[in-house]
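See structure below.
The values are calculated or read from the model by the stated rules, or taken from the named source; none is laboratory data. Because the structure is a prediction, the values reported are computed rather than measured. When we count neighbours, we look across all protein chains shown, and the Cβ atoms used for this are built from the backbone with ideal geometry, even at glycine.
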Amino acid sequence: MDPRSLSHRWLPGAVAWFDRVNAAHPWSHNDHFHGWIVRSLPERRRRALDVGCGRGDLLARLAPHFAAVDGSDRDAEMRAVSTTRVAPWPHVSITGDQLADLAGPYDLVTMVAVLHHLDAREALTEVRRLLAPGGRFLVVGLARPQTRVDWAWDVWCLVTNPVIGLIKHPRRATTTADGPGFPVVDPQQTYGELRGVFADVLPGSRLRRRLGFRYTAAWTQPGHGLA
């Protein structure tokens, strides 16, 4: 049982307060990291790919920085929403193709809350195939807590979540988010297991625990990227 479930069982009053604050000052745990992605872009910026592009918000952030941007998503409704979102940028395209069907090379591949929907080892292998020399892979992901360190970090995320919401959105929310909901799948691999897979498939990857129940990972394809 994770810390959030335990809290609901043993501290219902505290959890009710957290829930009220989170509802009044909501923030997107995924969109929060778009800034990190933009700050981590590779030097060469010809083509970018966002896997599981959802509503297209990250595509819109990447569009000014690349000559061509592709978004892929399995969900037809998400593809329709993202197509509308990126309409101002004719060099952005949306597809329903899977990783194995895509052709590189890409100078950037991103995944935001997507990797836990896939077989991690197979997905990372495909990313390695798609990336150009010097190309960068940036991940914002979720992991299943297992160790004491995992639990402690999850608790810290639980405590800081409403604080971040208050800072990002001091005024109480008066409307609810519209549009289709994102597909939800609980992560099955632990942070430690993911570190092992990244180390095997993408040696030199940098993984970090993050607030918002997230981790980030970055890897650069060996080779010169400006040829």
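Annotations
For (1) within 22 Å of residue 36 (Cβ to Cβ); (2) part of a helix (DSSP H, G or I); (3) among the hydroxyl-bearing types (Ser, Thr, Tyr); (4) modelled with pLDDT under 95, each residue gets a yes or a no:
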| residue | (1), (2), (3), (4) |
| --- | --- |
| 108 | yes, no, no, no |
| 121 | no, yes, no, no |
| 158 | yes, yes, no, yes |
| 172 | no, no, no, yes |
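- Of all residues in the stretch 193-219, those that are farther than 18 Å from residue 142 by Cβ, in contact with a Ser or Thr (Cβ under 9 Å, 6 or more places away or on another chain) and of a type outside the set (A, V, I, L, M, F, W, C) total 1.
- Filter result for the condition that a residue is at pLDDT below 80, of a type outside the set (A, V, I, L, M), farther than 22 Å from residue 151 by Cβ and part of a helix (DSSP H, G or I), over 9, 20: 20
- Neighbours by Cβ (under 8 Å, 6+ apart or cross-chain): first from the stretch 91-110, in contact (Cβ under 8 Å) with a residue 12 or more places away in the chain and more than 19 Å from residue 45 (Cβ to Cβ); second surrounded by fewer than 17 Cβ atoms within 10 Å (Cβ to Cβ) and among the hydrophobic types (A, V, I, L, M, F, W, C): 96/76
- Positions within the stretch 56-79 being among the hydrophobic types (A, V, I, L, M, F, W, C) and surrounded by 15 or more Cβ atoms within 10 Å (Cβ to Cβ), in sequence order: 58, 59, 60, 62, 63, 66, 68, 69, 78
Let's see how each residue does on (1) of a type in the set (A, V, I, L, M); (2) surrounded by 15 or more Cβ atoms within 10 Å (Cβ to Cβ):
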{"site": "43", "(1), (2)": "no, no"}
{"site": "51", "(1), (2)": "yes, yes"}
{"site": "82", "(1), (2)": "no, yes"}
{"site": "94", "(1), (2)": "yes, yes"}
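- Counting the residues of the stretch 191-210 that are crowded, with 16+ Cβ neighbours inside 10 Å and either modelled with pLDDT under 95 or not in a loop (DSSP other than H, G, I, E, B) (or both) gives 9.
- Of residues in the stretch 211-221 being at pLDDT below 95 and of a type outside the set (D, E, K, R), the one surrounded by the most Cβ atoms within 10 Å (Cβ to Cβ): 213
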